[in-house]
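Here the structure is laid out as structure tokens; the discussion comes afterwards.
Since every read-out is calculated from the coordinates, none of them should be taken as a lab result. Just so we're clear, the structure is a prediction, and the values are computed from it rather than from any experiment. Positions of Cβ are backbone-derived with ideal geometry, glycine not excepted, and every protein chain shown enters the neighbour counts.
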Amino acid sequence: MERIKFGSETKMTILADNCPGCNAYRGQLHQYACVVESCPQCGSRLLRCTCKALSMAESLKITKAVADGITDRSEIRRTSDTGSEHLDASYYEEGVMLWIIRDVTARDQAAAAKMNELLADTGFKHVGKGYAISAEDAARHMGVPVEEARAILEEMQADAVYPGWQDQEGTAKA
Ligand SMILES: [Zn+2]
Ligand SMILES: [Zn+2]
């Protein structure tokens, strides 16, 4: 589903000219991971609801922005204590999970090696600071035609998710 722009909320009315969360003006999309953005499906706060109604590419950008924005470790602990079992019920939880994976793999080489093993099973390769997957592998894992997987990957990898991935050796952009 399409993201809700600032000023088009259905469950709340905000009178300000600019978003109090990200400063977007009326009619503009919020910054990724803005707490004010609403879900196009249920109208509640997008980061905390469980609809996860956006495209895969938009979801990944929001998840990454959530992880990038977390500075308070107590928030990580609180979410892992009170969140869903796999920390995947909302975009916020997914962002916390991504933060945890980054934190653990940065500090623990064995964990990083294990993560690479797990990623290999999904077709992803660790490339530079990010992860890449060939369109063929992605198509197999997502159960979609290669052309469709390639379009999704191009959208995902173009900017926010795997910055600079095209420049890295070993990426399998088909
Ligand atoms: Zn906003
Ligand atoms: Zn929702």
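Measuring spread by the Cα atoms of region 1-69 yields a radius of gyration and Dmax of 11.1, 31 Å.
Hydrodynamic analysis of region 15-144 uses the Kirkwood radius over alpha carbon pairs. Inserted into Stokes-Einstein at 25 °C and 0.890 mPa s, it gives a translational diffusion coefficient of 150 µm²/s. Every Cα-Cα pair in region 36-75 was counted, and those over 11 Å apart are 67% of them. Placing a pseudo-label 7 Å from each Cα along the Cα-to-Cβ vector at residue 16 and residue 116 gives an inter-label distance of 4.5 nm.
Other residues within the sphere of radius under 11 Å centred on the Cβ of residue 5, judged by their own Cβ, net out at -1 (K and R +1, D and E -1). Placing +1 on the Cβ of every Lys and Arg and -1 on the Cβ of every Asp and Glu, with no other charges, gives the chain a dipole of roughly 400 debye about its Cα centre.
Peptide packing for 85-92, 108-115 was compared via the average number of neighbouring C-beta atoms within 10 Å per residue; ordered from the highest value, the list is 85-92, 108-115. Using C-alpha pairs under 8 Å with a sequence gap of at least 6, the mean separation divided by the residue count of the chain gives a relative contact order of 15 percent.
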